[in-house]
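The values are calculated or read from the model by the stated rules, or taken from the named source; none is laboratory data. Not measured: the values here are computed from a predicted model. Here Cβ is always computed from backbone atoms with ideal geometry, including for glycine, and neighbour counts include all displayed protein chains.
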Amino acid sequence: MRTYITNIFDWLDKRYNIKVVIRFLAEKKVPIYKHTIWYYMGGITLLFFIIQVITGILLLLYYRPTAEGAFESVQFIMTQVHYGWLIRSIHSWSANLMVLFVFIHMFSVLLLKSYRSPRELTWVTGVLLMYISLAFGFTGYLLPWNELSFFATKVGTDIAGVIPFVGEFIVRFLRGGEDVTGATLTRLFGFHVAVLPGAVLIILAIHLLMVQRQGMSKPVGLKEVKREMLFFPDFFLRDFLGWLFAIGILAILAAVFPWELGQKADPFSPAPEGIKPEWYFLFMFQTLKFFPAKILIFDGELVATFIFAVVGIFWILVPFLDFKSKKEMKSPIFSIIGIFAILYVGIITLLSYFVFK
Amino acid sequence: MKSINRHFNNIYIPFLIIFLFSSTALYSQEKRNNCIECHSEFEEEETSPSIEFKNDIHNSSGVLCSDCHGGDPEIDASEDQELAMDPKKGYKKPPKHNEVPEFCARCHSDFEYMKKFNPNIRVDQYENYLTSQHGKLLATGDNKVANCVSCHKAHGVKRKTDPASTVFVAQIPETCSICHSDAEYMKGYAIPTDQLEKYKESIHGEYLLEEGDLSAPACNDCHGNHGAAPPGIESVHNVCGVCHPGNSQLFLNSTHKKYFEEFDFPECTTCHNNHLIQKLTKESLGIGEQSVCGICHAEGEVGSADAVEIKNSIENFSALRDNCQILSEEAERKGMHVAEIKYQLNNVDTELLKARSMVHSFSLENVKQITGEGTKLALDVREMANDALKEYQIRRVGLVISLFFIFIAGTALYLKIKDIDRRRTK
Amino acid sequence: MMEEKNKSRRNFINYLLGGGFTLVASSVIYPIVRFMLPPKSTEAEPMAVSAGKVGEMHLNSGKIFKFGRKPGLLIYTKQGEYRAFMATCSHLDCIVQFRDDSESIWCACHNGYYDVNGNNVSGPPPRPLENLDVIIKDDDIMVSKIT
């Protein structure tokens, strides 16, 4: 048995030189100090992503991306298919948990300044992955074709319309027509299961390769780490323990709080009250509402969208703008920006759940 | 200059009139109507004839003032009022209250004339009116009773399909109530004046006035419109049977028909009331205080046992149905999918409806047959709901088992990590 | 001795680890495999259901069949044509029935009539019945939604 494996290994090694990779991994180390826990966040995000891929592919076996059949097919999955309720519920819960951990991962990296040289591109790919995750959420939300998602998508795509010159085109592009219809569903479905996964695969591969190649970053000022652990198996097993824990939580959520399906969307009925996007878009949705209708001569919504775009680009460029951390100096400005962003997103999201309604 | 002008007019106007007369009928309709022109100079109120008539169905059909009232609209009355309303030109004074039906009937009973407007139009209104309570009393010289214009208005007549019309189905209760709910006005007729009040409380009123179901009956659907009269005792089942044929037929074939006739009971309304027809409750059956059966069947008398049995049979079935719904709702709350259960529950509801309808056969056997079938169906539904709840428990157990597996694996992993750590520190 | 004890301890942990992960893996894989096996009823809203067999009905008759989650009405006209409708009355959702005496569709609740084309002809129904497509396939009378 053992000889077989070594034979295969040798066969592969001769051709692909994999011993180098193995040796590299065997020597890779992870620093141990009070912030080590944040190193696990990316891994948990990855777990949820893998779960999304698996459950997503499973749902594809029965799902139908048409206005006539979408709702019924999801209903069919939940009632007729064995464990359909579980798979669908897990897909929905895991999607939300993934976005949550994307945020946690991103903010921990931001506050620990792990993005600084030489890991700028890891950050850039990471932020792109975050945007794609949000796009996944947005496109996936419509697919069950229920009342809430239908109108939320209507409102969501409407917002793009305020962008000057290209706004109308973007709305048409997203909707596949003037209005949210079956064409929109088919289109967003295409984005959700083909375009976005393709993009994620490439960027995620680059992201993970970079992380592995460069190893874990240590925070500014932490010159010398007293303790370290091997990436394999020490860190890997701990990562796995975290995964098990996450799977347990996910199972409880999916089974005890099954994701609801709601009512089938009726494009001709008036919008029901309390139309809201998913929680991770709420802070943006609420911010839009804060803006007055007119700011000087500009449309309030336009200004808000412009600010979102600027912040979005700024977020990608953080490693290149933070000159202090580049020189291994503390950069409190970016810590303050990070903490402010966490507080803003957190408080506005909570407020729109409990106060604004 | 002035004289030239007049001279010019004198020659020109006759030509103009000849020209207008020879033009098409449509064209002639648009010519000056001197009645309206002149009357609107002194009539200002919304309800005055010259203003109301603008939206009148007669006006839009091309019927002129003179077609009813006579006179000559061609003549500018500001110049010669006497000539415009000259009796020689057919002008008549407005009809008196008791002359109105005949006045309208000149056209509305003439099919030869009326079919120009609508080949399917009715022309029997006047005839019907003569048979109505209103018509009969009018003939005796009672000028308080309704004539055509009391309901249709005189100059603002609108189609019954126009929602703004006083005779639009949803407006009818209010229209009738103008007289019939006025206690002062109705004094001396020895009939109640609370019909509208009761009707509004009734299931019919609720559907028509609140739900906007225009197929729900208004006053005229039971009493007739032009031939309005209270239905006689023996015609009640026919009147109700127009919309409730099943119940009506069951009643006719039942033993009750014979006895009701014997005792002069007004058929359906004996139990259901007339204007205040309400949904019956479970207390309406049996022989309790609020029961309608109990009106005749006192405890221990003939039929009282059956009445109680019918009540029990329906009540048990109904309770089982409610139980199914509670279970189904519980399953739904727990995140189970109950669409199929709800479908079957609908069928149970249909059976319950049938059973309640079957009460009108007053046969315990018939009622029991339906509640029996319904109960079978309901038991299936209950089983489905229970299965759904069981499935929920199974899911819980499955969750606990897999959590236990995860716990074992996690513990093992934890021990492994500790073990590796221990070896490293050594 | 100590070495021995450690070794057996390590073995135990390894077995526990192997066993635990096998269990977790099976509790993940089991639902996935079950999910992939086709369920009993193969479609959500059936495109077409069999409402009956040719020859089962006699001329001028009707019958109720289950169309998805709602009842449907199949009628066999005097002229020998099959027609199908959703069987819920457009007035208050009672179930309608075919009447051979008047060759029409009738709702017993409030005496509403529809003709054999499903058009509301008298009584309270505000709208025609929802029409369904009928296709005869071999011996089966297949009914489907009109798309």
Taking B:Phe405, is it facing chain C (nearest Cβ under 9 Å) and among the aromatic types (Phe, Trp, Tyr)? yes
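When residues of region B:223-238 are filtered for being in contact (Cβ under 8 Å) with a residue 24 or more places away in the chain and under 20 Å from B:Glu261 (Cα atoms), how many remain?
Filtering region B:223-238 down to residues in contact (Cβ under 8 Å) with a residue 24 or more places away in the chain leaves B:224-230, B:233-234, B:236-237.
Then drop every residue that is not under 20 Å from B:Glu261 (Cα atoms), which leaves B:230, B:233-234, B:236-237.
Total meeting the criteria: 5.
Residues are listed down the side, and each one gets a yes or a no for (1) over 30 Å from A:Ile77 (Cα atoms); (2) touching a helix residue (DSSP H, G or I) at 6+ places or on another chain (Cβ under 8 Å); (3) surrounded by 13 or more Cβ atoms within 10 Å (Cβ to Cβ):
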site	(1), (2), (3)
A:Pro270	no, no, no
A:Glu273	no, no, no
A:Pro292	yes, yes, no
A:Leu296	yes, no, no
A:Ala309	yes, no, no
A:Val318	yes, yes, yes
A:Phe323	yes, no, no
Name the residue, out of A:Ile90, A:Ile54, that is within 11 Å of another protein chain (Cβ to nearest Cβ), within 30 Å of A:Ala183 (Cα to Cα) and touching a residue at least 60 places away in the same chain (Cβ under 8 Å). A:Ile90
Of the conditions (1) within 28 Å of B:Asn238 (Cα to Cα); (2) within 14 Å of chain B (Cβ to nearest Cβ); (3) surrounded by fewer than 20 Cβ atoms within 10 Å (Cβ to Cβ), C:Asp115 satisfies every one except a single condition; which number is it? (2)
Do you know which residues across region C:64-86 are among the polar types (S, T, N, Q) and crowded, with 16+ Cβ neighbours inside 10 Å? C:Thr77
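For (1) facing another protein chain (nearest Cβ under 9 Å); (2) without any contact (Cβ under 8 Å) to a residue 12 or more places away in the chain; (3) over 30 Å from A:Leu128 (Cβ atoms); (4) outside any helix (DSSP H, G or I), each residue gets a yes or a no:
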site	(1), (2), (3), (4)
A:Leu58	yes, no, no, no
A:Tyr62	yes, no, yes, yes
A:Glu68	yes, no, yes, yes
A:Val81	yes, no, yes, yes
A:Ser94	no, no, no, no
A:Leu97	no, no, no, no
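Residue-wise test of (1) surrounded by 19 or more Cβ atoms within 10 Å (Cβ to Cβ); (2) facing another protein chain (nearest Cβ under 8 Å); (3) within 30 Å of A:His82 (Cβ to Cβ).
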| position | (1), (2), (3) |
| --- | --- |
| C:Glu3 | no, no, no |
| C:Lys7 | no, no, no |
| C:Tyr15 | no, no, no |
| C:Gly19 | no, yes, yes |
| C:Lys53 | no, no, no |
| C:Ile105 | yes, no, no |
Candidates B:Arg395, B:Arg382 - the one that is surrounded by 17 or more Cβ atoms within 10 Å (Cβ to Cβ), without any contact (Cβ under 8 Å) to a residue 60 or more places away in the chain and assigned to a helix (DSSP H, G or I): B:Arg395
In region C:82-109, anything acidic (Asp, Glu) and either closer than 12 Å to C:Leu129 by Cα or within 24 Å of the chain's Cα centre (by Cα) (or both) is listed as C:Asp93
I'm checking my understanding of the structure. Among residues of region B:288-305 that are within 18 Å of B:Ser361 (Cβ to Cβ) and part of a loop (DSSP other than H, G, I, E, B), which one is farthest from the chain's Cα centre (by Cα)? B:Val302
Residues located in region A:340-357, provided they are of a type in the set (A, V, I, L, M) and either exposed (fewer than 14 other Cβ atoms within 10 Å of the Cβ) or over 16 Å from A:Met106 (Cβ atoms) (or both): A:Leu343, A:Ile347, A:Ile348, A:Leu350, A:Leu351, A:Val355
Before we move on, is B:Lys390 within 13 Å of another protein chain (Cβ to nearest Cβ) and either out of contact with any Asp or Glu (no Cβ under 8 Å at 6 or more places or on another chain) or of a type in the set (A, V, I, L, M, F, W, C) (or both)? no
Can you name the number of the only condition in (1) out of contact with any strand residue (DSSP E or B) (no Cβ under 7 Å at 6 or more places or on another chain); (2) away from chain B (no Cβ under 14 Å); (3) more than 20 Å from A:Leu112 (Cα to Cα) that A:Pro219 fails? (3)
Being of a type outside the set (A, V, I, L, M, F, W, C) and in contact (Cβ under 8 Å) with a residue 40 or more places away in the chain is the filter; apply it to region B:199-222 and report the residue that is farthest from the other protein chains (Cβ to nearest Cβ). B:Glu201
Is it the case that region B:355-365 has a residue that's surrounded by fewer than 19 Cβ atoms within 10 Å (Cβ to Cβ), within 14 Å of another protein chain (Cβ to nearest Cβ), small (Gly, Ala, Ser) and touching a residue at least 24 places away in the same chain (Cβ under 8 Å)? yes
May I ask you to verify whether B:Leu413 is in a helix (DSSP H, G or I), within 12 Å of chain C (Cβ to nearest Cβ) and within 29 Å of B:Asn323 (Cβ to Cβ)? no
Return yes or no: is C:Lys63 of a type in the set (D, E, K, R), assigned to a loop (DSSP other than H, G, I, E, B) and either more than 29 Å from A:Phe76 (Cβ to Cβ) or at pLDDT below 90 (or both)? no
Could you tell me whether B:Asn238 is within 14 Å of another protein chain (Cβ to nearest Cβ), in a helix (DSSP H, G or I), closer than 19 Å to C:Asn111 by Cβ and modelled with pLDDT under 85? yes
